[in-house]
Structure formats: structure tokens, C-alpha cells
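What follows is a set of notes on a single structure, which appears directly below.
The values are calculated or read from the model by the stated rules, or taken from the named source; none is laboratory data. Every value quoted in this text rests on a predicted model; they were computed, and no experiment measured them. Neighbour counts are summed over all protein chains in view; Cβ atoms, including those assigned to glycine, are modelled from backbone coordinates with ideal geometry.
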Amino acid sequence: MSRVALVTGGSRGIGASISKALKADGFTVAATYAGNDEAAAAFTEETGIKTYKWNVADYDSSKAGIEQVEADLGPIDTVIANAGITRDAPFHKMTPEQWHQVIDTNLTGVFNTVHPIWPGMRERKFGRIVVISSINGQKGQFAQVNYAATKAGDLGIVKSLAQEGARAGITANAICPGYIATEMVMAVPEKVRDSIIAQIPAGRLGEPEEIARCVSFLVSEDAGFINGSTISANGAQFFV
Ligand code: CAA
């Protein structure tokens, strides 16, 4: 029986590449999305990967959605907490609403995704958790006090989960992508984007597939001793 992977925000951007890579690796994949029905339908049409709609910021919706996925596909042993949003603004202009939207989706969303799946992983003595953090959680970013806080928080989550899950065969790791060619980065004003690319020694944006390959490795059965770690994939833009 194939392993079941849940990828939040799995129908677009980096998440879509991850969903496709895991399918190619032999997983049965469930990809969640929050609102874009059209993109999700096109994604399923193109890939055959089933999509599920819920808001990761809402615990009850996440729990109910996960129960549905498990009823349809079987127990989830692999979770990729990828769903994330930006609401960029310099701090003096950032509104409490922008703060809370990003915290609720990017940080509480990880709790809401992993928490309902965790007891089953503990019982079955196996699990793979990958949280998609960001270079900006490592270095901070002008106009991203909210986003950087969540992405730094992701690193605390995986380091703590790793310690709690290790004896139960569960690993939790983070990937910190640098600037990747997705809609999120393309939404940055062109002039700003050009100045960002100028700061990347590789001289280019990353490709979503370059992140998906890191995920494939971390969720493999062979990667059981890699736990609580962070893989930076940023074209040499920043070192920790
Ligand atoms: N460092 C220092 N100063 C900066 C700066 C930076 N990185 N970026 C902008 N500024 C300065 C500008 O030069 C300008 O200065 P002046 O007022 O002296 O001209 C000022 O900040 C901008 O002020 P504005 O009032 O014009 O700013 P705004 O309210 O219009 O906001 C912005 C503009 C939201 C900051 C916009 O520039 C922006 O989106 N920047 C990109 C932020 C960014 O990198 N986000 C990452 C998105 S991708 C992602 O998040 C994925 C991932 O994980 C990597």
C-alpha cells in the first residue's frame, strides 16, 4: 500500500511541485488549498492529484479535513506544512490585521495541520513532517516583521517536534527556501525583485522543483536520522 502524504497549499507554487514530486515517488497525495477553486481543479486535471479545500488557520476545519483525507486515502504518514501567505508592509504601516492574518495562516496553520495527525503517527511509530520555512525566517526581511516571525517560529516547531517524536519514529525538519520563482515572489514590485536577484550569488531565482527534491529526500524512509534540521536552499544568498 502506498504511503499517504498531505501537502498544505499543495496546488500552487512550491506546494504544487512538492505534490507532484511525492506522487512521482509513489505516494498517494492529498493537496489542500484555501480559495482558488479554478487553480485546484486545473491542478487535479493536470496531475490526477486529489485536492481538498480548507483554511489551515482554522483548527476545526483542519481537523475535519484531515479526517476526510484519512477516510478517503488511509492514514497520513507524511505531512508537508507548506501553506503560507505574505502581507508585506514596513512595520510603521503594518496593521494588526496584517499581523494576525500571517500569524494565523503561517504559524498557527502549522499547529493546526500537524496536531490532528500527530497521535496517529505516534501510534503507528512512523511519521515524516516537513515545514516549509523561509530564508526570511533566518535573516529577517524589510517589510516582513509578520512573515519573518512565522518562519522563524517554524524552526522552533520542528526542533521541538523532533525531540518529542524521535522515539516514536517521527522526524520533523524544515526547509528554508530562498527566493523561488513563484507567484509570491513575482508579486514583489519588479524593481525590488531585481535588487533581490542581484543579492543572490547564483544570479537567479530558485525553481520550485529544487525545493521539492529536498522534500523527497527528507520524507524518505532512509532519512530517519535527520531530525530537527534545517535545509537552506537559497543560491548562497544567506548562511546560518
Ligand atoms: N531595505 C531598506 N529599505 C528598503 C527596503 C529594504 N529591503 N525595501 C524598501 N525600502 C525603503 C524604500 O527605499 C523606501 O524608502 P524611501 O521612503 O526613503 O524612498 C521605503 O523603504 C519604502 O517605503 P514605502 O512607503 O514606499 O513602502 P510601501 O508601503 O509602498 O511598501 C514594500 C513597499 C511592501 C516594502 C515593497 O517594497 C515590497 O514588497 N518589498 C519586498 C519585500 C520582500 O522582499 N518580500 C518578500 C516577498 S517573497 C517571500 O516572502 C517568499 C520568501 O519566503 C522568500
- Across (1) surrounded by fewer than 16 Cβ atoms within 10 Å (Cβ to Cβ); (2) within 22 Å of E183 (Cα to Cα); (3) touching a strand residue (DSSP E or B) at 6+ places or on another chain (Cβ under 9 Å), G13 clears everything bar (1)
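Here are some residues: I180, I200. Which one is closer than 30 Å to A24 by Cβ and touching a helix residue (DSSP H, G or I) at 6+ places or on another chain (Cβ under 9 Å)? Walk me through how you get there before you give the answer.
Values: I200 fails: touching a helix residue (DSSP H, G or I) at 6+ places or on another chain (Cβ under 9 Å).
None of the other options fit; the residue is I180.
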- Item | Number of the exception - K139 against (1) farther than 20 Å from A236 by Cβ; (2) of a type outside the set (A, V, I, L, M); (3) more than 8 Å from the ligand (Cβ to nearest atom); (4) in contact (Cβ under 8 Å) with a residue 60 or more places away in the chain | (1)
- Being of a type in the set (V, I, T), at pLDDT 95 or above and either farther than 22 Å from G13 by Cα or surrounded by fewer than 18 Cβ atoms within 10 Å (Cβ to Cβ) (or both) narrows it down to one of I175, I117, so name that one. I117
- When (1) more than 16 Å from the ligand (Cβ to nearest atom); (2) within 28 Å of N55 (Cβ to Cβ) are applied to Q144, the one that fails is (1)
- Query: Quick one: would you say P189 is touching a strand residue (DSSP E or B) at 6+ places or on another chain (Cβ under 9 Å) and near the ligand (Cβ under 9 Å from one of its atoms)?
  - Reply: no
- Message: Which residue is nearest to F217 (Cα to Cα), if the candidates are limited to segment 147-160 and must be surrounded by fewer than 23 Cβ atoms within 10 Å (Cβ to Cβ) and in contact with a helix residue (DSSP H, G or I) (Cβ under 9 Å, 6 or more places away or on another chain)?
- Response: L155
